[in-house]
Amino acid sequence: MASPSSGPRPYHLVVFGASGFTGRFVVEEAARCAAEAGDGGLRWAVAGRSRARLEAVLEQAAERLAMPELRTDVEVIVADVSMEESLALMCQQAVVVLNCVGPYRFFGEPVVKACVENGAHCIDICGEPQFLERMHCEYHSQAMERGVYVIGSCGFDSIPADLGVLYTQRELKGTLTAVESFLTISAGPEGGGGHDATWQSAVYGFADGGALRKLRRKMGVKPLPVVGPKLKTRGSVFFSKEIDQYCIPFMGSDPSVVRRTQRCLLDEEQKSPVQYSAYVGVGGWFSVAKLMCGGLLFWFLVKFSLGRKLLTTFPSFFSFGMFTKEGPSLKQMDDTSFCMTFFGEGYSEGKDLSQGRPDTKICTQVIGPEPGYVATPAAMVQAAITVLTELHSLPHRGGVYTPAAAFTKTRLIERLNTHGIKFSVRSYP
């Protein structure tokens, strides 16, 4: 059986799903990083179902980046999730596969299986907790046996949150016990937006919440031990003095991913676990009212097959224009940025954790460009490069991991700092 160390492979990276909306931007990011590495420093290829569409993506990237060599120097691999042999051939040519094909609950497992069986590491940008946790349940042991790393959520879901908590732990002089994160998105006059594929993942994820609870019972997932006072849960809508706007709980994969990281670091390295809650700012009262109306309609429709059909057929209507089949324009992406602020508390060095309340606080931030199609490709490609260059620093010999569990002893945060996603300590308000 092939393994990543069994001999040279033609390509360091293969971008699978390169002709999809997000995949096109991952291709551009890979091209930029290959140029940084110099001649032969980073060999890469694109893969997907249609050779013609893949060639069109390379043509577009060549024009946008002023890199005419992309038209001729980047290999095209035809592979389809419904054709097991094509996936195997793709994986046998790659050291790392960057899987951009979603929704992952429908299309992700064949890629993970092919990577594990054919010795290619796998990086994805999944924000679907059920898929992520099921892959850990079903493939972790196999991946460890074969020396393959499968690392999920290496995009905006959930690099900023997971590595942000890790960074906060590192920067606190003592023992961090609890963190709350607050996400804010800033957009230009045309507003922000997302692509239909992200909307579909959300629709099917919320519709199948019961399956996630069943999976966790099957896996015997237990709550993490609480160090220090229990972190209080905020309301479903509340005004945050920290960021001076109304907030709601963050409904994405970040809490699930961070909890899995904390469990892994506790079990593997006996690190004190951190309690974590995630929130997102929504603005003023008008935004809250619009969100509540749209949210109630979403929750009602997502429970029924006809409702899900309506939601996925008319994403723009039901998301108030936030998600469209065309995705955001380049101008919208250029004008959009994110800021994730972490407020942590803990015990100073030498303090007995069983005595008294936490006596130290910390505030950190992760800031970056448009999250879905600028920050996500940057994070994904840098995660892949870290696997290529710092394999010795990853845990064990392989397995299925969250970003911070996989990259805790690497320089990924430093790499991200030089590629537009910046981590910093701020003064506590």
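Of all residues in region 173-201, those being out of contact with any Asp or Glu (no Cβ under 9 Å at 6 or more places or on another chain) and either closer than 18 Å to Gln270 by Cα or of a type in the set (Phe, Trp, Tyr) (or both) number 1. Pairs are defined by a Cβ separation below 7 Å, a sequence spacing of at least 6 or placement on different chains, a first member in region 335-363 that is open to solvent by 50 Å² or more (accessible area, probe 1.4 Å), and a second member that is among the aromatic types (Phe, Trp, Tyr) and outside any strand (DSSP E or B); the pairs so defined are Lys361/Tyr428.
Inspect all residues belonging to region 55-68 and state whether any of them is in contact with a Gly (Cβ under 9 Å, 6 or more places away or on another chain), more than 28 Å from Gly205 (Cα to Cα) and aliphatic (A, V, I, L, M).
As a first pass, look at region 55-68 and keep what is in contact with a Gly (Cβ under 9 Å, 6 or more places away or on another chain): 57.
Next, only the ones that are more than 28 Å from Gly205 (Cα to Cα) stay: 57.
Restricting the remaining residues to those that are aliphatic (A, V, I, L, M) gives 57.
Yes: region 55-68 contains one or more residues that are in contact with a Gly (Cβ under 9 Å, 6 or more places away or on another chain), more than 28 Å from Gly205 (Cα to Cα) and aliphatic (A, V, I, L, M).
Counting only residues that are under 27 Å from the mean Cα position of the chain (by Cα), closer than 20 Å to Glu180 by Cβ and not aromatic (Phe, Trp, Tyr), how many does region 337-360 have? Don't jump to the end; show me each part of the working.
First, pick out the residues of region 337-360 that are under 27 Å from the mean Cα position of the chain (by Cα): 337-346.
From what is left, the residues that are closer than 20 Å to Glu180 by Cβ are 338-346.
Restricting the remaining residues to those that are not aromatic (Phe, Trp, Tyr) gives 339-341, 344-346.
Number satisfying all stated conditions: 6.
Of the residues in region 161-173, at least one is in a helix (DSSP H, G or I), buried (at least 21 other Cβ atoms within 10 Å of the Cβ) and touching a Gly at 6+ places or on another chain (Cβ under 6 Å). Within region 183-228, the set of residues being aromatic (Phe, Trp, Tyr) and within 17 Å of the chain's Cα centre (by Cα) comprises Trp199 only. I'd like to know if region 384-401 contains one or more residues that are out of contact with any Pro (no Cβ under 6 Å at 6 or more places or on another chain), closer than 23 Å to Leu172 by Cα and of a type in the set (Lys, Arg). Among the residues of region 384-401, not one is out of contact with any Pro (no Cβ under 6 Å at 6 or more places or on another chain), closer than 23 Å to Leu172 by Cα and of a type in the set (Lys, Arg), which makes the answer no. Listed by first and then second residue, the pairs with beta-carbon distance under 9 Å, at least 6 apart or on different chains, first residue in region 120-149 and free of Cβ contacts under 8 Å to residues at least 60 places away in the same chain and farther than 17 Å from Asp254 by Cα, second of a type in the set (S, T, N, Q) and surrounded by fewer than 24 Cβ atoms within 10 Å (Cβ to Cβ), form an empty list.
Could you look through region 83-111, keep only residues that are polar (S, T, N, Q) and in contact with a helix residue (DSSP H, G or I) (Cβ under 8 Å, 6 or more places away or on another chain), and pick out the one that is nearest to Gly20 (Cα to Cα)? So that I can check it myself, show each step before the final result.
Going residue by residue through region 83-111, those that are polar (S, T, N, Q) are 86, 92-93, 99.
Restricting the remaining residues to those that are in contact with a helix residue (DSSP H, G or I) (Cβ under 8 Å, 6 or more places away or on another chain) gives 92, 99.
Numbers: Gln92: 22, Asn99: 11 Å.
Applying the filter and picking the extreme gives Asn99.
Scan region 366-375 and give yes if some residue there is open to solvent by less than 10 Å² (accessible area, probe 1.4 Å) and aromatic (Phe, Trp, Tyr), otherwise no. No, region 366-375 contains no residue that is open to solvent by less than 10 Å² (accessible area, probe 1.4 Å) and aromatic (Phe, Trp, Tyr). For region 377-429, the tally of residues that are under 25 Å from Glu36 (Cβ atoms), open to solvent by 20 Å² or more (accessible area, probe 1.4 Å) and of a type outside the set (D, E, K, R) stands at 11. Among the criteria (1) buried (at least 16 other Cβ atoms within 10 Å of the Cβ); (2) more than 17 Å from the chain's Cα centre (by Cα), the one Ser236 does not fulfil is (1).
The values are calculated or read from the model by the stated rules, or taken from the named source; none is laboratory data. Since this is a predicted model, take the numbers as computed values, not measurements. We place every Cβ from the backbone using ideal geometry, glycine too, and count neighbours over all the protein chains shown. For the accessible areas, the whole protein counts, side chains as well, though only heavy atoms, and no ligand, DNA or RNA atoms are used. Shrake-Rupley method; radii C 1.70, N 1.55, O 1.52, S 1.80 Å.
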